[in-house]
Each structure stands twice: as C-alpha cells, then as structure tokens.
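Take a look at the structure below.
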Amino acid sequence: MSPPRSLHAIVQLRSLGTAPSYGKQLRELVADGFLTRTDFGEVPPRVEYTLTPQGKSFVPILLAMKQWGEKELGL
C-alpha cells in the first residue's frame, strides 16, 4: 500500500490544474466515499488523503480504462 499524500504533494506531481481545483476535487472524492481526509491541525497546515475500501475497489476500473485508451486511442 502506498503512503498517503498531502494535497501539496499531489499538486507537485501534476503539471495541470491549480491548487484550488485539486482541493475541490479532493473534497468531492471525500464526500463520495472514495477518500478519507486526515487533518493534523498543524501550522503550516498538513492534511493527508487515503483511499477508502470503495476507492481501492475502483482502481481496477481506472486501470482498465487506461489500458483501453492506450490500445484504442494510442494514448
């Protein structure tokens, strides 16, 4: 299992989008039950997001979609 990642680390890994848009997407994934959010109440702020069992169950679907895109669309 991979370690949880903070919002800051996720934003650093991506070249597209902005921190506010990632924050909104992460809040939606938490509300939908795909992620859990842990706020450590520290300054500077530190939060971690981890996959829930529901989120983990969705990984094979995402991988299948990725494989389809690579095969059919040459992505």
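The values are calculated or read from the model by the stated rules, or taken from the named source; none is laboratory data. Everything quoted here is computed from the prediction, not taken from an experiment. The protein model used for the area step is the full one, side chains on, heavy atoms only, and it has no ligands, DNA or RNA in it. Shrake-Rupley method; radii C 1.70, N 1.55, O 1.52, S 1.80 Å.
The figures follow:
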quantity	calculated
Rounded to the nearest 10 Å², the accessible area of Val59 at probe 1.4 Å	60
All lysines inside 21 Å of Lys24 as judged from Cα atoms, apart from same-chain residues fewer than 8 positions distant	Lys56
